[in-house]
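Just below is one structure, and these are the notes that go with it.
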Amino acid sequence: MRTTPLAAACLSLSALLSCLSNAAFGETRHSLDYQNQSAWKGVLDQAQSPIDIVTSHAQPALDNEPREIALRHLDADGTAEDNGHAVQFNTHATEATIRGRYFRMTQFHMHAPSEHTIDGKHFPLEGHFVFKAQDGRLAVIGVMYEEGDANRGIQEILDDLPTASAKPKTATLDVHSMLPEHLGYHHYLGSLTTPPLTQNVEWYVLRQPVSLSHGQLAVLRRHYKQNNRAIQPLHGRPVIEFGG
Ligand SMILES: [Zn+2]
């Protein structure tokens, strides 16, 4: 019998109580020990994320199927939170058509340093835009951030994070400012990068990085100075490139 994601996350009594209270919101929130990743519970198979993207090994996307990513409703109402392992913004406003299929955004969160590497190189920050289709399929758009100009959307999330005593309040997030101009990507099939590490997640790691300021990065690192899962073996999976 398969363990449900909620049950997998609720392995101790204290975690169970926390999970039950959070289950009402459809979320499982628990702290993760990034210094002891081998102890994580979840799927441990051959199609895991993140990976090192070796650009010279990527295959061009076939032109006999839809290839583009198109995003709509980029002023997204939602709530910011620190979920115990990442700074996150929850919204269902933004929609995507990804390779011809319809998805709706569920949340955006950040990892420092980046989880994926490009030709062996980490970026200081990676954002994950998590999308879900009606049939439950997950697609994550990964964006690499590098130090430069301040990023308006990331600042909005930082400004909207509730303090310990305050409840989250609804805010509008400028999703557009957190995306690059070109939505060219590297695509492969992988997994969630936190337990339950569920597989068959479609990954689209955008090729063009976006900037955030040194100060914004420092604030994020005060929440999590290292919340990236280790690079996982590719095991022969194809990596497909498009545009950018
Ligand atoms: Zn993530």
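Can you tell me which residue in region 113-132 is nearest to the ligand (Cβ to nearest atom), limited to those that are in a strand (DSSP E or B) and closer than 25 Å to GLY78 by Cα?
Residue satisfying both the conditions and the ranking: HIS128.
Mind checking whether some residue in region 31-41 is modelled with pLDDT under 95, in contact with a Gly (Cβ under 6 Å, 6 or more places away or on another chain) and not aliphatic (A, V, I, L, M)?
The answer is yes, given that some residue of region 31-41 is modelled with pLDDT under 95, in contact with a Gly (Cβ under 6 Å, 6 or more places away or on another chain) and not aliphatic (A, V, I, L, M).
Every residue in region 195-214 that is modelled with pLDDT of 95 or more, in a loop (DSSP other than H, G, I, E, B) and hydroxyl-bearing (Ser, Thr, Tyr), please.
Across region 195-214, the qualifying residue is only SER213.
Out of the residues in region 185-244 that are without any contact (Cβ under 8 Å) to a residue 60 or more places away in the chain and farther than 21 Å from MET105 by Cβ, which is surrounded by the most Cβ atoms within 10 Å (Cβ to Cβ)?
In this case the residue turns out to be ALA218.
So, ALA166, is that one surrounded by fewer than 20 Cβ atoms within 10 Å (Cβ to Cβ) and more than 14 Å from the ligand (Cβ to nearest atom) or not?
Against the criterion (surrounded by fewer than 20 Cβ atoms within 10 Å (Cβ to Cβ) and more than 14 Å from the ligand (Cβ to nearest atom)), ALA166 qualifies.
Only residues in region 95-107 that are farther than 15 Å from ARG72 by Cβ count as the first member; pair them with residues that are of a type in the set (Phe, Trp, Tyr) and part of a loop (DSSP other than H, G, I, E, B), Cβ under 8 angstrom, at least 6 apart or cross-chain, and list the lot.
none
Would you point out the residue of region 133-157, among those that are assigned to a strand (DSSP E or B) and away from the ligand (no atom under 14 Å from the Cβ), that is nearest to GLN208 (Cα to Cα)?
So, considering only residues that are assigned to a strand (DSSP E or B) and away from the ligand (no atom under 14 Å from the Cβ), the one nearest to GLN208 (Cα to Cα) is GLU146.
The values are calculated or read from the model by the stated rules, or taken from the named source; none is laboratory data. All of these numbers come straight from a predicted model, not from anything done at the bench. Every residue, glycine as well, gets a Cβ built from its backbone with ideal geometry; the counts of neighbours run over all protein chains shown.
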